[in-house]
Amino acid sequence: MKDINKELAAASDAYSKGCTCSQAVFCAFAGDMGIDEDTARRLTEGFGGGFGGLQEVCGAFSAAAAVISFYTADGGADGAGKARTYKAVRRAAEIFKREYGSIRCREILHGNSPKAFQCGMKVKDAVLTVRKTLSEEERAQ
């Protein structure tokens with residue numbers, strides 16, 4: 001993976017240019033995952049605002065879970081690798097919840113509707129959550 005400062009800068013840059021929280025987080029890791037930025041933005045656009053503005057699971061956290069899954073999943077159809085991935089995503093949720101009290105957009109924003117550019121810190125913290133979770137996974141191996 002890239003340097004954490006480059007990931008944070010990439011996420012911040014994408015967010016400041018109008019990407020959703022989910023797009024910004026996912027794009028920070030896209031190149032390392034072999035995914036071009038246009039595809040990354042298209043894949044994660046609907047995650048923003050807690051899934052299409054529904055304010056369910058936070059878009060920044062959803063993108064973090066997708067990145068974590070990319071690095072922890074084995075892709076097998078038999079489900080053998082799911083336990084590792086689920087454990088890593090649950091760990092990431094714990095980290096994110098400690099900071100924001102929830103992974104639900106509605107609760108994080110205290111019932112307020114999502115607005116453009118209000119989730120910059122959540123984008124940053126989602127990138128940091130990915131790195132922390134994956135570092136812990138590497139140490140556990």
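The values are calculated or read from the model by the stated rules, or taken from the named source; none is laboratory data. Computed from a predicted model, the values in this text were never measured in an experiment. Don't worry about glycine lacking a Cβ; one is built from the backbone with ideal geometry, like all the others, and counts go over all protein chains shown. Note: accessible area is taken over every heavy atom of the protein model, side chains too, but ligands, DNA and RNA are not part of it. Shrake-Rupley method; radii C 1.70, N 1.55, O 1.52, S 1.80 Å.
Here the Kirkwood formula, the inverse mean of 1/r across different C-alpha pairs, assigns segment 47-122 a hydrodynamic radius of 13.1 Å. Treating r as the C-beta distance of SER16 and ALA83 and R0 as 35 Å, the FRET efficiency rounds to 0.40.
Equivalent ellipsoid of the chain: semi-axes from √(5λ) of the C-alpha gyration tensor, largest first, are 22, 17, 14 Å. Restricting attention to the chain, the count of lysine pairs at 8 or more positions apart or across chains with alpha carbons under 17 Å apart stands at 17. The accessible surface of the chain, taken with every protein chain in place and a 1.4 Å probe, is 51 percent carbon and sulfur.
When trypsin sites (Lys or Arg not before Pro) are flagged only if DSSP places them in a loop and at most 15 other Cβ atoms lie within 10 Å, the longest unflagged stretch of the chain comes out as 18-114.
With all protein chains kept in place, the per residue accessible area of the chain amounts to 53 square angstrom at a probe of 1.4 angstrom. Multiplying the residue separation of ASP38 and ALA73 by 0.36 nm and removing their Cα-Cα distance gives an extension gain of 10.3 nm.
Projecting the Cα atoms of ILE35, SER135, CYS105 onto the charge dipole of the chain, computed from C-beta unit charges around the Cα centre, puts CYS105 farthest toward the positive end. For the pair GLU56 and GLN118, the difference between a 0.36 nm per residue extended length and the Cα-Cα distance amounts to 20.7 nm.
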